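Asker: After the structure tokens below, expect a handful of questions from me.
The values are calculated or read from the model by the stated rules, or taken from the named source; none is laboratory data. Keep in mind the model is a prediction, meaning the values are calculated, not measured. All Cβ positions, even for glycine, are placed from backbone atoms using ideal geometry, and neighbour counts span all protein chains on display.
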Amino acid sequence: DTEVTQTPKHLVMGMTNKKSLKCEQHMGHRAMYWYKQKAKKPPELMFVYSYEKLSINESVPSRFSPECPNSSLLNLHLHALQPEDSALYLCASSLGLAGAPFFGPGTRLTVL
Amino acid sequence: AQSVTQLDSQVPVFEEAPVELRCNYSSSVSVYLFWYVQYPNQGLQLLLKYLSGSTLVKGINGFEAEFNKSQTSFHLRKPSVHISDTAEYFCAVRPDSNYQLIWGAGTKLIIKP
């Protein structure tokens, strides 16, 4: 298995909703990432987990809450989002923090 | 501080013609270099990377890039493009002293039939 999977592919939510994005990889990678990508822009790093511990938090608002239940899974819990949070959310993983990230297909999030 | 500049926001080219997408970086430390491709409505896919060794790096889909330390460049080339190469291409660098990727703004490759 050489891919990163993400669910759902699309998500529409209201500003009062709570939802979660899920990411899974079975490549034995020990670093996992959440990125946010706005249209026609490069991805922006949000969080990095290394060996299931939060390694980097790029000053992301608390309405985004990451979770790494085990070495293969990464979740992003969403609560009270704003319309400007609408974006493509990409999960990635790498062998270690020094490796090149492999990206999943992303979740297209729309906040109404 | 490190930065990455992709000089062209869009590059139109005819099918079967060669293409070069330019990437320059600035850094006071050694860097590792990457090119990613993003097809419409998809995630990013690693095309190739330079970590060390030969400065000419071959990647997937017939792409290659050359690391030029004196010019601080890592331009991406393909000798003959196809319609399927239509995508956004991102150059990224990772400083030796840091684990985070620094991204260029991206170049949209437009293939004209």
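Asker: One residue is enough: does region B:44-58 have a residue meeting the conditions surrounded by 15 or more Cβ atoms within 10 Å (Cβ to Cβ), without any contact (Cβ under 8 Å) to a residue 60 or more places away in the chain and more than 11 Å from every other protein chain (Cβ to nearest Cβ)?
Answerer: Checked against the condition, which is being surrounded by 15 or more Cβ atoms within 10 Å (Cβ to Cβ), without any contact (Cβ under 8 Å) to a residue 60 or more places away in the chain and more than 11 Å from every other protein chain (Cβ to nearest Cβ), region B:44-58 yields at least one hit.
Asker: Further question: With respect to the numbered conditions (1) part of a strand (DSSP E or B); (2) modelled with pLDDT of 95 or more, which one is the sole condition not fulfilled by A:PRO42?
Answerer: (1)
Conditions (1) farther than 30 Å from B:TYR89 by Cβ; (2) small (Gly, Ala, Ser); (3) within 11 Å of the chain's Cα centre (by Cα), marked per residue:
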{"site": "A:LYS22", "(1), (2), (3)": "no, no, yes"}
{"site": "A:HIS29", "(1), (2), (3)": "no, no, no"}
{"site": "A:LYS36", "(1), (2), (3)": "no, no, yes"}
{"site": "A:VAL60", "(1), (2), (3)": "no, no, no"}
{"site": "A:SER71", "(1), (2), (3)": "yes, yes, no"}
{"site": "A:HIS77", "(1), (2), (3)": "yes, no, yes"}
{"site": "A:GLY96", "(1), (2), (3)": "no, yes, no"}
{"site": "A:PHE102", "(1), (2), (3)": "no, no, no"}
{"site": "A:VAL111", "(1), (2), (3)": "no, no, no"}
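Asker: Can we say B:LYS78 is more than 11 Å from chain A (Cβ to nearest Cβ), more than 10 Å from the chain's Cα centre (by Cα), surrounded by fewer than 12 Cβ atoms within 10 Å (Cβ to Cβ) and charged (D, E, K, R)?
Answerer: no
Asker: Kindly evaluate A:SER55 against the criterion of being in a strand (DSSP E or B) and either within 13 Å of another protein chain (Cβ to nearest Cβ) or crowded, with 18+ Cβ neighbours inside 10 Å (or both).
Answerer: Answer is yes for this residue.
Asker: Is one or more of the residues making up region A:87-109 under 24 Å from B:VAL37 (Cα atoms) and without any contact (Cβ under 8 Å) to a residue 40 or more places away in the chain?
Answerer: Yes, region A:87-109 contains at least one residue that is under 24 Å from B:VAL37 (Cα atoms) and without any contact (Cβ under 8 Å) to a residue 40 or more places away in the chain.
Asker: Same structure again: If A:SER94 passes every condition in (1) within 14 Å of B:TYR99 (Cα to Cα); (2) surrounded by fewer than 20 Cβ atoms within 10 Å (Cβ to Cβ); (3) of a type in the set (S, T, N, Q) but one, which one does it miss?
Answerer: Result: A:SER94 passes all but (2).
Asker: So is A:ASN75 within 13 Å of chain B (Cβ to nearest Cβ) and polar (S, T, N, Q) or not?
Answerer: Considered against the rule, which asks whether it is within 13 Å of chain B (Cβ to nearest Cβ) and polar (S, T, N, Q), A:ASN75 comes out as no.
Let's see how each residue does on (1) assigned to a strand (DSSP E or B); (2) within 24 Å of A:LEU97 (Cα to Cα); (3) under 12 Å from the mean Cα position of the chain (by Cα):
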site: B:VAL29; (1), (2), (3): no, yes, no
site: B:TRP35; (1), (2), (3): yes, yes, yes
site: B:ARG94; (1), (2), (3): yes, yes, no
site: B:ALA105; (1), (2), (3): no, yes, yes
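Asker: Scan region A:58-82 for residues that are more than 28 Å from B:GLY106 (Cβ to Cβ) and not in a strand (DSSP E or B) and jot them down.
Answerer: Residues satisfying the conditions are A:SER62, A:SER71, A:SER72, A:ALA80.
Asker: Report the residue count in region A:91-107 for those that are within 18 Å of A:MET13 (Cβ to Cβ) and facing chain B (nearest Cβ under 8 Å).
Answerer: Matching residues across region A:91-107 total 1.
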